[in-house]
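Q: Structure in structure tokens, see below.
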Amino acid sequence: MRADRLTKPKSTVLLALGQVRYQLLLLVRNPMGFFFAIVMPLLLLVCLDLLTPETAATMPPGLHYAQFLAPAVAAFGLLNACYVNTITGVVLAREEGMLKRLRGTPLPAWTYLAGRLGSALVTSVVAVAMIVTLAVTAFDVTVSWRTIGYLAGIGGIGAVSFFLLGLAVVTVVPKSETALPVAYGTMLPLAFVSDVFFSSAHAPSWLHDLASALPVAPVTRAMEAAFLPTTQSWPMSTSAMLTVGGWSVAAIGIISLTFRWPFQFR
């Protein structure tokens, strides 16, 4: 009896890790998913840096516009990996009956979610690492290595929050054909008002306040601060953390009320 209790947690952890591996294989074998998660943010960084004048953002002396753009695009990469891919992937699995088939296996429901989240986190790490590498090598972006831990922590907070919001949005997506339009139709407006593509330094105050109340801008601004050489401490304010946490809690509430295994509507 004691041996069974000791081995059972290990088996569930292995099941979760197996789901992470399975979801990553699905992403790699899906050209569109791989393009949106990895390639598109890199292309966006190159295009925006080439086409946007240096005066678009107010930067400290000696720093290029790419110093603002690189962390902003990294936040966009988090949105693609954790929000867009979650919506499209879960809806497709639901519509193809894959989740119903999983219900007949020994796989606990939480391990499926853990696999999805783990896959999103791994994809986020790869995307952000490639964006930072390209920005440093090609656009003379300065990275303060002492703040890499801050960047990783903020990225983790954002990735988990965007993943939970993606699961919550699945509740309003009826078919797989509408998953991608809904995902980008909700994500792109958030990105535009949240300093992801252009700085809001010259935007009206009401737009800045609106962005601050949404979950994307606090993560983006904190990641931008983590890229500045002058940053000496944790760059995410308490109010920003409460905003992101509040949206995450709301998403968990929607998920718990709306979903059941295998993620069909009640």
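Q: Suppose we filter the stretch 210-244 for residues that are assigned to a helix (DSSP H, G or I) and surrounded by 14 or more Cβ atoms within 10 Å (Cβ to Cβ); how many remain?
A: The total comes to 19.
Q: Given (1) closer than 30 Å to R94 by Cβ; (2) surrounded by fewer than 20 Cβ atoms within 10 Å (Cβ to Cβ); (3) of a type outside the set (K, R), where does L164 come up short, assuming only one miss?
A: Among (1) closer than 30 Å to R94 by Cβ; (2) surrounded by fewer than 20 Cβ atoms within 10 Å (Cβ to Cβ); (3) of a type outside the set (K, R), L164 violates only (2).
Q: Of the conditions (1) open to solvent by less than 50 Å² (accessible area, probe 1.4 Å); (2) closer than 30 Å to G97 by Cβ; (3) modelled with pLDDT under 85, G185 satisfies every one except a single condition; which number is it?
A: Unmet for G185, out of (1) open to solvent by less than 50 Å² (accessible area, probe 1.4 Å); (2) closer than 30 Å to G97 by Cβ; (3) modelled with pLDDT under 85: (3).
Q: Among the listed residues L151, L117, identify the single one that is over 24 Å from V46 (Cβ atoms) and buried (at least 17 other Cβ atoms within 10 Å of the Cβ).
A: Answer to the check: L117.
Q: Got a sec? Which of S161, S256, S239, S248 is polar (S, T, N, Q) and more than 30 Å from A109 (Cβ to Cβ)?
A: S239
The values are calculated or read from the model by the stated rules, or taken from the named source; none is laboratory data. Not measured: the values here are computed from a predicted model. FYI the Cβ positions are ideal-geometry reconstructions off the backbone, even for glycines, and counts take in every protein chain you see. To get the accessible areas, we keep the full protein, side chains included, count just its heavy atoms, and leave off ligands, DNA and RNA. Shrake-Rupley method; radii C 1.70, N 1.55, O 1.52, S 1.80 Å.
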